[in-house]
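Below is one structure, written out as structure tokens; the observations come after it.
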Amino acid sequence: MRRELILTFVLLLTVFLAPAVGEEAAEGPGKLLGDESDGSRAHPTHVLPLFPENEDGEKGEQITPDADLVLPFSTKYTCGECHTYDVIKQGWHFNAVDSNAVPGRLGQPWIYFDGKLGIQIPLSYRAWPGTYQPADFGMTEFRFTQVFGRHMPGGGPGEVTATDVDDIGRQFVAGKLEINCLTCHNGHHGQDQGGVNGYAIHVSVRQNFRWAATASCEFAQVKGSASAMTDTYDPYMPMGDEQEPTVIYQPEAFNADGEVLLDIRREVPNQRCYYCHSNVYHTEGHGESEKWSTDEDVHLKSGLTCVDCHRNGMKHDIIRGYSQESRVSDNPLAATSSCEGCHVPEGSGVPEAARLGAPVPQHLGLPVVHFEKLTCTACHSGPWPSEQAVYSKTSRAHRLGTPNVNKAEKALPHVLSPVFALEAGTVVDDPNEPALHSGKIAPHKAVWPAFWATLAEDKVTPVALDVVEKALKKVFEELESPADGSWTPIPTEKIGEALNVLAEAVEEKVAYVAGGTLYRLDEDGAMVEEADHPAAAAYMWPLAHNVRPAAQSLGIRYCTDCHATDGPFFFGKVAVDSPVVSDTPRTVEQVAFQDIGRFGAWAFAASFVFRPWFKIVAIGSAALIGIVLLLYGLKALGAVARVLAEQNQ
Amino acid sequence: MFQTVSIIALLATLIGIAAHWVMTSTGPRQGIVVGGVHVFSLLLIEQKSSLLGALKKLVYLLAIVCFVVLAITGFWPTLVRGEHISGYLLMIHATFAPIFALCLAILAVTWAGSNRFTAEECPWIQRLLRQVTRLRVAAETRPWRCSLVVYKAAFWLVIFLALPLILSILVSMFHLLGTEWQHFVLAVHRWTSLVFAIVVIVHTYLAMRLRMAGAV
């Protein structure tokens with residue numbers, strides 16, 4: 001009896017304690033195999049089993065090419081076997097939707113445009129002043145991913161669980177857009193981001209979020225389209241419809257153990273970065289926008305790769321490369337990976353100059369005040385400033401590298417550069433100091449926002465896209481769109497008509513923002529224009545590439561590269577981009593963005609005419625003074641010598 | 001550091017001059033405005049009224065005006081705002097600078113002769129020669145005119161300091177010096193200008209006092 005009681009007690013103790021012990025074991029911190037380097041610079045060979053995400057959202061059975069149900073592999077469960085996925089998703093490329101992520105310096109927004117409706121709006125999940133939250137524009141994360149996921153590496157909004165009624169069903173069919181590690185780290189030339197059957201098409205056209213990573217790799221093909229499936233389609237119970245998404249793996253890619261060799265590169269090849277980060281500047285003569293006729297960044301031509309400067313560890317907190325970054329980034333290399341960090345480090349006692357072979361600039365003859373007023377990029381980056389800021393294109397704004405891109409110079413969205421403006425600063429997570437103003441002039445890309453909005457006590461909030469489309473489609477349907485993909489010209493009277501229609505639809509005060517102007521209705525329903533409205537100001541973000549060689553920097557010839565009364569740096573024109581028809585196209589001078597008085601800049605530039613005379617007078621005066629000093633100095637010496645000589649006699 | 005040192009040095013100079021004036025002032029006291037005009041006009045009195053004398057006086061007046069403008073435009077942003085000179089102040093500074101340089105050169109040529117040191121103005125050299133060399137040097141018989149010696153020394157110091165003051169900026173305007181050396185020559189210009197300003201203030205004060213005493 002006593003023995004039975006003891007045994008029962010021990011048994012009960014075991015039953016109650018076992019889960020706690022087991023739980024502790026499961027909670028152990030343990031870095032995964034690939035989370036920390038052992039120091040070897042050799043690339044580990046990635047011969048891996050592939051795993052999908054199963055219907056329960058968990059890790060599925062190992063993929064074999066001849067299985068009954070061939071699923072796309074999941075990077076979370078394949079790469080995540082050795083690299084902690086939840087750590088990686090905190091990285092800069094994936095954390096836009098994370099409200100805890102500090103926004104840092106203003107960057108390129110996602111630009112939604114509709115030339116017919118007069119919309120060109122900068123969107124961002126980051127709290128960059130001048131951009132708008134996609135939700136305010138009526139874009140759910142799912143919709144945002146479908147529109148812009150073509151140039152996203154996955155994660156971010158692509159992994160947010162849908163809550164909108166219309167999106168829940170679609171997300172079950174399409175899946176979530178996981179982080180696609182291969183977007184950056186696949187060294188194989190078969191990685192297809194922008195081809196007709198590549199990543200971008202599968203994300204933005206076919207809604208094949210779950211299949212996108214697999215479709216992009218070199219050893220698999222995906223056919224079919226989730227967008228063609230109804231909301232009741234179950235991807236884990238295919239019906240054999242030829243339109244449903246289907247994966248075909250190349251059998252020869254699998255070894256005897258069912259593993260696949262992946263050409264994984266720790267140092268991301270430039271080509272991978274270029275897919276999302278290419279720029280085109282439509283400088284004089286269209287031919288100059290062609291890749292063969294323009295030079296790449298001088299750093300790349302000197303042998304560096306993008307990731308030599310833009311580094312990160314497993315946390316993927318990639319260095320963006322601006323001078324204030326160390327204030328907001330935990331990356332230990334942030335301070336030493338800006339322009340100054342490599343080229344002119346202040347050092348901590350141990351010499352740090354010439355990292356990566358960076359030449360230490362001499363800046364012969366350059367007054368030091370320039371380093372207080374200008375960023376390095378002002379003289380060294382972007383296209384050489386011309387009379388007018390040029391139309392520019394970027395991969396993300398103009399979906400470069402994907403099929404059927406409109407290659408016309410003026411295809412929307414209209415991004416103008418270089419615009420030499422005072423840097424707005426770096427946004428930090430401190431309510432007392434929301435932005436660190438660098439106070440320096442830097443080259444920027446600029447976009448003039450255009451969108452329909454509600455107006456409440458001077459607060460301008462975009463009207464949701466579907467509301468605008470529904471209300472205004474008929475108002476503008478008779479307007480003709482140009483072939484070059486630019487704005488559909490909107491007459492001013494149409495704006496008034498549209499405002500009235502929109503006001504009825506939303507039952508609020510409405511406005512239209514375009515070209516630096518805010519159009520609204522007064523009490524009598526007549527249209528009022530408020531020029532230079534703050535909500536209509538151009539959104540600008542600093543540019544840093546392409547860096548020109550030192551021999552092509554501003555000021556290399558003479559001070560008048562910038563300080564000339566007709567010099568483009570101060571007096572170049574920036575077009576005020578607007579769909580609204582106007583008799584005279586408006587422009588703004590560069591100096592208006594620099595917090596410098598126009599007359600002051602002009603007068604200073606004009607004074608350089610007298611600089612040679614200054615030098616001549618100064619040299620002559622110094623020579624004369626020197627001769628006087630020498631003459632009387634020698635006389636004094638002679639007097640002393642005479643005194644000594646007379647005393648000797 | 002430059003800001004602090006400049007403020008202290010300039011204040012000390014002005015206080016020193018005021019104290020010297022109070023302690024050594026002779027003759028009937030005048031009102032500040034009348035006295036100031038009288039003193040300033042003493043500077044313009046030239047014993048030899050000739051074309052050359054008038055030109056010399058004009059150059060001196062122009063030099064003083066330039067000095068005042070340069071001192072204000074140069075020291076104001078540094079001492080008051082703690083930043084480098086730029087914008088309109090820089091333009092004004094750069095406009096008056098070559099004029100001042102030219103005036104200094106002319107003053108150097110025209111005033112050097114009258115500012116030569118004579119034997120009786122250097123009694124300490126005679127003393128030194130007697131003590132060190134055992135040479136038979138006549139003992140000084142006249143009292144040492146301290147103010148005059150200091151006045152002449154200030155003149156030569158102004159002329160001497162004018163060289164680094166001008167050359168430091170001149171050299172920076174050519175493609176010769178890199179950033180580190182640009183910082184160095186800028187520092188040379190700033191510190192030289194501080195000493196220069198103090199010496200000019202002392203020289204001007206002594207000039208007025210000596211003219212009042214009829215010594216020059």
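Computed from the coordinates by the stated procedures, all read-outs in this text should not be read as laboratory data. This one's a predicted model, so the numbers in the text were calculated from it and none came from an experiment. Note that each Cβ is placed from the backbone with ideal geometry, even for glycine, and that neighbours are counted across all protein chains shown.
Couple of notes before you dig in:
- Cα centroid of segment A:141-210 to Cα centroid of segment A:567-643, whole Å: 56 Å
- Cα-based reach from residue A:635 at 20 Å (exclusive), listing aspartates and glutamates while leaving out same-chain residues under 8 positions away: A:646, B:120, B:121
- Loop-resident sites, segment A:556-644, for trypsin sites (Lys or Arg not before Pro), counting at most 10 other Cβ within 10 Å (DSSP): A:557
- Two-site FRET efficiency, residue A:295 against residue A:221, from Cβ-Cβ distance with R₀ of 56 Å, rounded to 0.05: 0.95
- Per-residue HN-Hα couplings for segment B:183-195 [Karplus 6.51, -1.76, 1.60; θ = phi - 60°; Hz; x = Gly/Pro]: 4, 5, 5, 5, 5, 4, 5, 5, 5, 4, 5, 5, 5
- The 3J(HN,Hα) values that the Karplus relation (6.51, -1.76, 1.60; θ = phi - 60°) gives for segment A:525-533 are, in residue order, x, 8, 7, 10, 10, 10, 6, 6, 6 Hz. Gly and Pro appear as x.
- Using the Cβ of residue A:551 as centre and a radius below 14 Å, the other residues enclosed give a net charge of +1, where K and R count +1 and D and E count -1.
- For chain A, relative contact order (Cα pairs under 8 Å, six or more residues apart, normalised by length) works out to 13 percent.
- Cα-Cα P(r), segment A:215-350, percent of pairs per 10 Å interval: 9, 22, 23, 23, 18, 5, 1
- Between residue A:508 and residue A:488, the modelled label-to-label distance comes to 2.5 nm, taking each label 7 Å out from Cα in the direction of the beta carbon.
- Note on residue B:4 and residue A:645: with the Förster distance fixed at 35 Å, the Cβ-Cβ geometry gives a FRET efficiency of about 0.10.
- Long pairs among A:116/A:445; A:89/A:573; A:407/A:473; A:176/A:410; A:315/A:373, criterion Cα-Cα beyond 30 Å: A:89/A:573; A:176/A:410; A:315/A:373
- Crossing angle, helix A:2-27 versus chain A [Cα axis fit, 0-90 degrees, rounded to tens]: 40 degrees
- Across the options B:196, A:302, A:490, the greatest Cα extent toward the positive end of the charge dipole of the protein assembly as shown (unit charges at beta carbon of Lys, Arg, Asp, Glu) belongs to B:196.
- Normalising the average separation of contacting C-alpha pairs (under 8 angstrom, six or more residues apart) by the number of residues puts the relative contact order of segment A:516-649 at 13 percent.
- Among the chymotrypsin sites (Phe, Trp or Tyr not before Pro) in segment A:187-245, those located in a DSSP loop and surrounded by at most 14 other Cβ atoms within 10 Å of their own Cβ are A:236.
- For chain A, diffusion coefficient by Stokes-Einstein and Kirkwood Rh (Cα), 4 °C, 1.567 mPa s, µm²/s: 45 µm²/s
- Helix axis angle, A:611-648 relative to chain A longest principal axis, alpha carbon, degrees: 50 degrees
- Label-to-label distance for residue A:362 and residue A:135 is 5.7 nm, based on points extended 7 Å past Cα in the beta-carbon direction.
- Inter-site label distance for residue B:109 and residue A:560 at 7 Å from Cα along Cβ, in nm: 3.1 nm
- Each Lys and Arg contributes +1 and each Asp and Glu -1, all at the Cβ; summed about the Cα centre of segment A:487-563, the dipole is approximately 860 debye.
- Calculated FRET value between residue A:435 and residue B:187, using beta carbons and R₀ = 30 Å, to 0.05: 0.35
- Summarising the strand pairing of chain A, around 95 percent of its internal DSSP beta bridges are antiparallel.
- Student exercise, chain A dipole from Lys, Arg, Asp, Glu Cβ charges, in Debye to nearest 20: 2900 debye
- Charge dipole of chain A about the Cα centre (unit charges at C-beta), most positive-ward option of A:279, A:527, A:398: A:279
- Pairwise inverse Cα distances across segment A:320-376, averaged and inverted, put the Kirkwood hydrodynamic radius at 12.4 Å.
- DSSP-loop chymotrypsin sites (Phe, Trp or Tyr not before Pro) across segment A:501-585, with at most 13 other Cβ within 10 angstrom: A:558
- Amide H to amide H, with H built 1.01 Å from N, residue A:425 comes under 5 Å of A:106, A:438, counting only residues 5 or more places away or on other chains.
- Nearest 10 degrees, 0 to 90: helix A:598-607 Cα axis against chain A principal axis: 50 degrees
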